[in-house]
Ligand code: SF4
C-alpha cells in the first residue's frame with residue numbers, strides 16, 4: 001500500500017522540518033537532542049538541508065504528527081526513508097520504531113536509521129534486538145579509528161567508553177538487521193579513514209565516507 005499524496009500542510013501546524021527530502025531520500029527529523037557534540041556537525045553550519053529551510057524543532061513532534069507529515073509524500077517516490085535530521089534518532093527510539101512500524105505497514109520503501117551507535121549507553125541495555133523486522137538498514141557513524149580520537153572529535157556525553165560501545169553495537173545490530181554500514185566524515189585524516197575502513201571490513205559491514 002502506498003502512502004497517499006496530499007497537499008503539504010502549511011496551515012500553521014508544524015512545517016516541513018519533520019519530514020523533508022534530501023537527495024533521493026525522504027528524511028524524518030524527530031529530535032534535536034543528541035549525546036554528542038561533534039566538531040563537524042552540520043547543525044553548526046546551516047539551519048536547514050534539502051527541502052527543509054530549518055531543521056530546528058520548536059518541540060519534538062508526537063508520533064501522530066510525524067505520521068501526518070509523512071502523508072504529504074509518496075513513499076514510493078523515494079529510494080529510502082531515513083530517520084536522521086538534526087539530532088540523534090535513538091534519543092526517541094520507541095517513537096522512531098512506532099513510526100517505522102507504520103511505514104512497514106504502508107510502503108515497501110526501505111527504512112534506514114542513521115545513528116551514532118550509542119543507544120545501548122543511552123538506555124543501559126542492548127537495543128539492537130528492537131530493530132528486528134522494523135528497520136531495514138542501519139548506518140552507524142564511527143568517524144574515528146580509536147576511542148581517544150573519537151572522544152576528542154565527537155565529545156560524547158559518555159566519554160571514552162563510547163567507542164567500544166559503538167563497536168559492540170555494530171556487532172550486535174548485524175544479528176538483527178541485514179544491511180549495516182559504518183560511515184566516517186571525509187574531514188578526518190586519510191589514515192583514520194583507512195583504519196576505519198579496515199575496522200568495517202573486519203566487522204563485515206559496508207563502509208561509507210560521507
Ligand atoms: S552525532 Fe550527529 S547530530 Fe549528534 S552532534 Fe554528532 S553529527 Fe551532530
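Do we have residue 146 as over 17 Å from residue 33 (Cβ atoms) and away from the ligand (no atom under 16 Å from the Cβ) here?
Details: over 17 Å from residue 33 (Cβ atoms): yes; away from the ligand (no atom under 16 Å from the Cβ): yes.
Yes, satisfied.
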### Message
List the strands (runs of 3 or more DSSP E) inside region 85-202, counting only whole elements, that have at least 1 residues being farther than 27 Å from residue 64 by Cα.
### Response
137-141, 179-184
### Query
Which condition breaks for residue 94 when tested against (1) within 16 Å of the ligand (Cβ to nearest atom); (2) touching a helix residue (DSSP H, G or I) at 6+ places or on another chain (Cβ under 9 Å); (3) without any contact (Cβ under 8 Å) to a residue 12 or more places away in the chain?
(1)
### Task
Hey, could you check region 43-53 for residues that are in contact (Cβ under 8 Å) with a residue 24 or more places away in the chain and within 24 Å of residue 186 (Cα to Cα) and say which is farthest from the ligand (Cβ to nearest atom)?
51
### Query
Of all residues in region 61-84, which are within 16 Å of the ligand (Cβ to nearest atom) and not in a loop (DSSP other than H, G, I, E, B)?
82, 83
### Task
Report yes if residue 34 is in a loop (DSSP other than H, G, I, E, B), within 9 Å of the ligand (Cβ to nearest atom) and touching a strand residue (DSSP E or B) at 6+ places or on another chain (Cβ under 9 Å), otherwise no.
no
### Message
Tell me yes or no: at least one residue of region 170-183 is within 16 Å of the ligand (Cβ to nearest atom) and out of contact with any strand residue (DSSP E or B) (no Cβ under 6 Å at 6 or more places or on another chain).
### Response
no
### Message
Which condition from (1) over 17 Å from residue 89 (Cβ atoms); (2) touching a strand residue (DSSP E or B) at 6+ places or on another chain (Cβ under 8 Å); (3) within 14 Å of the ligand (Cβ to nearest atom) is the one that residue 155 breaks?
### Response
(2)
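Each reported figure results from applying straightforward, stated rules to the coordinates on display, with no laboratory input. What you are looking at is a predicted structure, and each value in this text was computed from that prediction instead of being measured. Ideal geometry is used to build each Cβ from the backbone, glycine not excepted, and the neighbour counts take in all protein chains shown.
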